[in-house]
Amino acid sequence: QKEVEQDPGPLSVPEGAIVSLNCTYSNSAFQYFMWYRQYSRKGPELLMYTYSSGNKEDGRFTAQVDKSSKYISLFIRDSQPSDSATYLCAMKRSGGGADGLTFGKGTHLIIQP
Amino acid sequence: KAGVTQTPRYLIKTRGQQVTLSCSPISGHRSVSWYQQTPGQGLQFLFEYFSETQRNKGNFPGRFSGRQFSNSRSEMNVSTLELGDSALYLCASTHVGTEQYFGPGTRLTVT
């Protein structure tokens with residue numbers, strides 16, 4: 001079993017829909033959770049960063065962490081064609097830079113105009 | 001503020017050769033991490049440097065190595081290249097927190 005599981009998709013939704021992206025993980029030591037967006041042939045772009053359980057909102061994006069269930073989510077409201085990309089969840093055990101990120105394999109999202 | 005830069009962006013090498021990739025972090029960031037991204041394995045952590053010291057290393061063979069200079073710029077080296085080393089190599093820089101900001105990557109093709 002991989003430490004972080006993420007459905008690769010593709011997930012195709014119409015423009016304006018609410019998108020729900022999810023990851024599950026097995027290592028209870030993970031405390032820091034991130035979502036990255038990666039366009040084709042580009043580097044990952046940090047979207048959301050959350051510490052421990054709870055919700056965080058930034059514009060059209062909401063990140064949720066449920067540590068009891070080892071489950072994290074990213075919601076995108078009013079989805080746009082420009083949101084079409086691969087979304088990667090990432091997590092780490094400790095703060096600071098030394099601990100490398102553990103990534104899910106990414107979900108390919110397609111927003112249909 | 002300029003982002004993370006990586007050079008070269010594309011590289012083609014032959015099996016058995018070695019390669020050196022370069023990364024310049026965001027100004028003021030002192031931690032640099034390297035990752036390998038392949039379709040099969042996804043993004044995997046290679047190693048992390050802070051103040052010219054390697055603090056952490058992922059599960060990769062010794063053919064993969066790196067270093068960091070006093071200006072925080074970092075290089076990674078892969079010796080005796082194998083076909084399976086073909087990948088997008090990503091560098092990320094961190095200031096004092098946990099957020100890692102990635103560069104555009106170097107796409108390495110081994111033939």
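The values are calculated or read from the model by the stated rules, or taken from the named source; none is laboratory data. Given the structure is predicted, the values throughout are model-derived calculations rather than measurements. As a convention, Cβ positions derive from the backbone with ideal geometry for all residues, glycine included, and neighbour counts pool all protein chains shown. Side chains are part of the model used for accessible areas, which takes the heavy atoms of the whole protein and leaves out ligands, DNA and RNA. Shrake-Rupley method; radii C 1.70, N 1.55, O 1.52, S 1.80 Å.
Take A:N22 and decide whether it is over 21 Å from B:Y89 (Cα atoms), under 11 Å from the mean Cα position of the chain (by Cα) and open to solvent by 40 Å² or more (accessible area, probe 1.4 Å).
On the way: over 21 Å from B:Y89 (Cα atoms): yes; under 11 Å from the mean Cα position of the chain (by Cα): yes; open to solvent by 40 Å² or more (accessible area, probe 1.4 Å): yes.
So A:N22 fits the description; yes.
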Practice item. Working only within the range A:25-36, note down all residues that are over 15 Å from B:G42 (Cβ atoms) and surrounded by 15 or more Cβ atoms within 10 Å (Cβ to Cβ). Key: A:F30, A:Q31, A:Y32, A:F33
Practice item. Scan B:L21, B:L81, B:L90 and give me the residue that is touching a strand residue (DSSP E or B) at 6+ places or on another chain (Cβ under 9 Å) and outside any strand (DSSP E or B). Key: B:L81
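Anything in the range B:20-40 that is more than 9 Å from the chain's Cα centre (by Cα) and closer than 12 Å to B:Q100 by Cβ? List them, or say none.
Taking the range B:20-40 and keeping what is more than 9 Å from the chain's Cα centre (by Cα), we get B:20, B:24-31, B:37-40.
B:P25, B:I26, B:H29, B:S31 - these are the residues of the range B:20-40 that are more than 9 Å from the chain's Cα centre (by Cα) and closer than 12 Å to B:Q100 by Cβ.
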Revision key, fill the gap. Per the filter on the range B:1-15, residues open to solvent by less than 50 Å² (accessible area, probe 1.4 Å), in a loop (DSSP other than H, G, I, E, B) and under 20 Å from B:N77 (Cα atoms) are B:V4, B:P8
Check your understanding: Does at least one position in the range B:34-43 carry a residue that is touching a Gly at 6+ places or on another chain (Cβ under 9 Å) and over 27 Å from A:T86 (Cα atoms)?
Key -> no
Review point. Tell me, which residue of the range A:44-57 that is within 13 Å of chain B (Cβ to nearest Cβ) and more than 13 Å from the chain's Cα centre (by Cα) is modelled with the highest pLDDT?
Key: A:Y51
Review point. What is the residue count in the range A:66-86 for residues that are of a type outside the set (S, T, N, Q), touching a residue at least 24 places away in the same chain (Cβ under 8 Å) and over 16 Å from A:L46 (Cβ atoms)?
Key: 7
Point to revise | Residues located in the range B:93-106, provided they are part of a strand (DSSP E or B) and facing chain A (nearest Cβ under 8 Å) | key: B:T94, B:Y101, B:F102
Study note, to complete from the structure: B:T53 fails exactly one of (1) over 24 Å from A:R37 (Cα atoms); (2) within 13 Å of the chain's Cα centre (by Cα); (3) β-branched (V, I, T); (4) within 12 Å of another protein chain (Cβ to nearest Cβ), namely (2)
**Study point:** Selected residue (criterion: nearest to A:S40 (Cα to Cα)) from residues of the range A:87-108 that are more than 10 Å from every other protein chain (Cβ to nearest Cβ) and surrounded by fewer than 21 Cβ atoms within 10 Å (Cβ to Cβ)
**Key:** A:H108
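Quick test for you: out of A:S84, A:S69, A:S79, A:S12, pick the one residue that is open to solvent by less than 10 Å² (accessible area, probe 1.4 Å) and more than 14 Å from chain B (Cβ to nearest Cβ). Steps first, please.
Numbers: A:S84 fails: open to solvent by less than 10 Å² (accessible area, probe 1.4 Å); A:S69 fails: open to solvent by less than 10 Å² (accessible area, probe 1.4 Å); A:S12 fails: open to solvent by less than 10 Å² (accessible area, probe 1.4 Å).
On inspection, the qualifying residue turns out to be A:S79.
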